[in-house]
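The values are calculated or read from the model by the stated rules, or taken from the named source; none is laboratory data. From a predicted model like this one, the values you see are computed outputs, not experimental measurements. Quick reminder, even Gly has a Cβ in these numbers, built from the backbone with ideal geometry, and neighbours come from all protein chains shown.
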Amino acid sequence: MAEDSKPGSAQPERKVDRRAFFARLGLSSLGLAAAGTLSFSYQYMSPNVLYEPSPIVNAGSPEKYAMNSVTEDQVTGIYLIHLQEGFFSLSAICTHLGCMTAWRQDLGIIACPCHGSRFTRYGKKIAGPAPKPLPWYRTWLSDGGDIMVDRATVIPPMQFLRI
Amino acid sequence: MAGKLDFYFDNITKSRLWRSIFRSGPGDSSLHRAQKIQQNVFLHILPTKVRRRMLRLDATWYLGTLTLGTFLVLVTTGTLLMFYYHPSVPQAYADMKDLRYVVSAGLFLRNLHRWSAHAMVVLVFAHMFRVFYRGAYRPPREFNWVIGVILLLVTLLLSYTGYLLPWDQLAFWAITVGTNIAKYVPLVGPKIRFLLLGGDLVNANALLRFYVLHCVVLPLAAVLLIAVHFWRIRKDGGLYVGNGNSDGRQHADTPSQTSVAKGVAVAEAVEKP
């Protein structure tokens with residue numbers, strides 16, 4: 001401050017002397033390093049490989065599923081449903097906050113125990129806070145004759161697997 | 001007998017070793033007592049002088065102190081629980097059962113940890129309401145109010161991350177629901193959930209992440225913020241006690257910052273020569 005006010009130094013304030021230049025260089029490098037650290041940390045915290053179960057489920061032979069039945073598998077979180085129109089598979093995970101729903105045979109509906117959402121056996125919401133219907137998963141028949149379900153592929157509703 | 005004890009105690013407190021640790025030396029003057037606080041790393045975040053009114057139950061209901069007490073209980077019991085707990089998927093639940101049925105005093109420590117956690121959340125809220133309704137958040141204490149709000153969030157996050165660790169059904173579904181709530185945040189929600197869980201499911205990665213947050217990251221943040229919180233009480237003129245009458249001059253009764261500063265200046269002047 002003191003040398004700035006000297007009568008000789010009437011230069012405009014733009015002038016960057018060596019000290020200021022190196023200070024800026026240092027601060028910019030620190031800033032860059034900080035940004036790099038942030039991005040590096042973000043990548044580090046975001047796993048590249050997940051050791052989670054495969055999304056493809058073998059639901060077994062179609063004979064296992066009686067006509068007009070709704071079968072829940074809590075391990076894989078899917079319903080395998082056999083109606084007059086054919087077979088299809090629904091997610092059993094409530095679209096509200098991810099709780100496991102349950103098939104209520106007595107009421108003929110799918111109900112979520114957490115916050116009271118209710119769905120028809122086609123996944124359509126009939127009550128409760130769920131924002132979306134239960135998604136339909138892609139189903140097909142394997143070469144071995146088993147019903148396969150891909151939990152990673154959602155299909156539009158009312159696409160039945162006819163056998 | 002008592003005289004003899006005094007003699008020995010005097011000898012200890014006058015020894016070079018004692019004086020190297022406690023530099024204020026013997027003496028009972030105001031200055032000495034102020035120095036005892038000021039020259040101790042643990043005590044120096046406290047004010048060197050407090051008014052008697054600040055220490056009365058009706059000034060604060062001791063809610064902040066009680067919160068600190070539960071925090072210390074949680075740190076102690078939590079550290080002890082860590083000696084038996086593995087944050088891995090099948091083992092965590094078994095360890096929790098072992099702590100309950102096999103480990104000596106394990107049931108007591110786990111329950112103490114759990115109930116202290118509940119108590120801390122209740123006390124933090126009570127403390128906040130007390131500060132709010134007394135108006136103790138007003139200048140010059142507004143920054144300390146902000147620190148307090150962050151501490152409230154840290155407390156709730158500690159409570160939430162600890163919820164998953166028993167790895168039972170309640171834990172699993174509570175974290176499933178909780179992280180799905182985080183997913184509703186616009187744009188970044190799904191990414192936040194992914195980073196928090198270290199995957200798409202509440203699984204081994206999630207357990208480990210919550211464990212590290214619960215036992216390392218959040219407690220360190222809490223200790224740091226608590227230190228700042230206490231330091232600011234001193235810097236903002238001590239605990240808020242109000243002045244008992246309603247003429248609006250709330251700060252008349254608290255020691256002014258200049259009197260605190262004066263005490264420090266005197267103490268430092270004495271120390272220097």
> Can you tell me which residues in segment B:7-41 are hydroxyl-bearing (Ser, Thr, Tyr) and in contact with a Pro (Cβ under 9 Å, 6 or more places away or on another chain)?
Replying inline: B:Thr13
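Residue-by-condition table, conditions (1) closer than 16 Å to A:Gly98 by Cβ; (2) modelled with pLDDT under 95; (3) of a type in the set (A, V, I, L, M, F, W, C):
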{"site": "B:Asn203", "(1), (2), (3)": "yes, yes, no"}
{"site": "B:Val216", "(1), (2), (3)": "no, no, yes"}
{"site": "B:Ile226", "(1), (2), (3)": "no, no, yes"}
{"site": "B:Arg234", "(1), (2), (3)": "no, yes, no"}
{"site": "B:Val241", "(1), (2), (3)": "no, yes, yes"}
> Just for segment A:88-114: of the residues that are among the polar types (S, T, N, Q) and assigned to a loop (DSSP other than H, G, I, E, B), which one is farthest from the other protein chains (Cβ to nearest Cβ)?
Replying inline: A:Gln105
> Yes or no: B:Gly27 modelled with pLDDT under 85 and either hydrophobic (A, V, I, L, M, F, W, C) or not in a helix (DSSP H, G or I) (or both)?
Replying inline: yes
> Residues B:Val185, B:Val216, B:Val223, B:Val177: which one is free of Cβ contacts under 8 Å to residues at least 60 places away in the same chain and touching a helix residue (DSSP H, G or I) at 6+ places or on another chain (Cβ under 7 Å)?
Replying inline: B:Val185
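Every residue, every condition in (1) within 14 Å of another protein chain (Cβ to nearest Cβ); (2) in contact with a Pro (Cβ under 7 Å, 6 or more places away or on another chain); (3) outside any loop (DSSP other than H, G, I, E, B); (4) within 30 Å of A:Leu90 (Cβ to Cβ), yes or no:
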residue: A:Leu25; (1), (2), (3), (4): no, no, yes, no
residue: A:Thr37; (1), (2), (3), (4): no, no, yes, no
residue: A:Ser41; (1), (2), (3), (4): yes, no, yes, no
residue: A:Leu50; (1), (2), (3), (4): yes, no, no, yes
residue: A:Ala59; (1), (2), (3), (4): no, no, yes, yes
residue: A:Ala66; (1), (2), (3), (4): no, no, no, yes
residue: A:Val70; (1), (2), (3), (4): no, no, yes, yes
>> So in segment A:129-142, with the set limited to residues that are in a loop (DSSP other than H, G, I, E, B) and surrounded by fewer than 17 Cβ atoms within 10 Å (Cβ to Cβ), which one is farthest from the other protein chains (Cβ to nearest Cβ)?
In response: A:Ser142
>> Going through B:Leu195, B:Leu157, B:Leu170 one at a time, which residue ends up being out of contact with any strand residue (DSSP E or B) (no Cβ under 9 Å at 6 or more places or on another chain), away from chain A (no Cβ under 11 Å) and either under 30 Å from B:Arg53 (Cα atoms) or surrounded by 15 or more Cβ atoms within 10 Å (Cβ to Cβ) (or both)?
In response: B:Leu157
> Of the residues B:Arg130, B:Arg138, B:Arg100, B:Arg110, which is touching a helix residue (DSSP H, G or I) at 6+ places or on another chain (Cβ under 8 Å) and assigned to a loop (DSSP other than H, G, I, E, B)?
Replying inline: B:Arg138
> Take the residues of segment B:173-192 that are more than 10 Å from every other protein chain (Cβ to nearest Cβ) and not in a helix (DSSP H, G or I): which is nearest to A:Gln43 (Cα to Cα)?
Replying inline: B:Val188
>> From the list B:Leu151, B:Leu196, exactly one residue is within 23 Å of B:Asp95 (Cβ to Cβ) and touching a helix residue (DSSP H, G or I) at 6+ places or on another chain (Cβ under 9 Å). Which is it?
In response: B:Leu196
> Of all residues in segment B:198-238, how many are away from every other protein chain (no Cβ under 14 Å) and part of a loop (DSSP other than H, G, I, E, B)?
Replying inline: 3
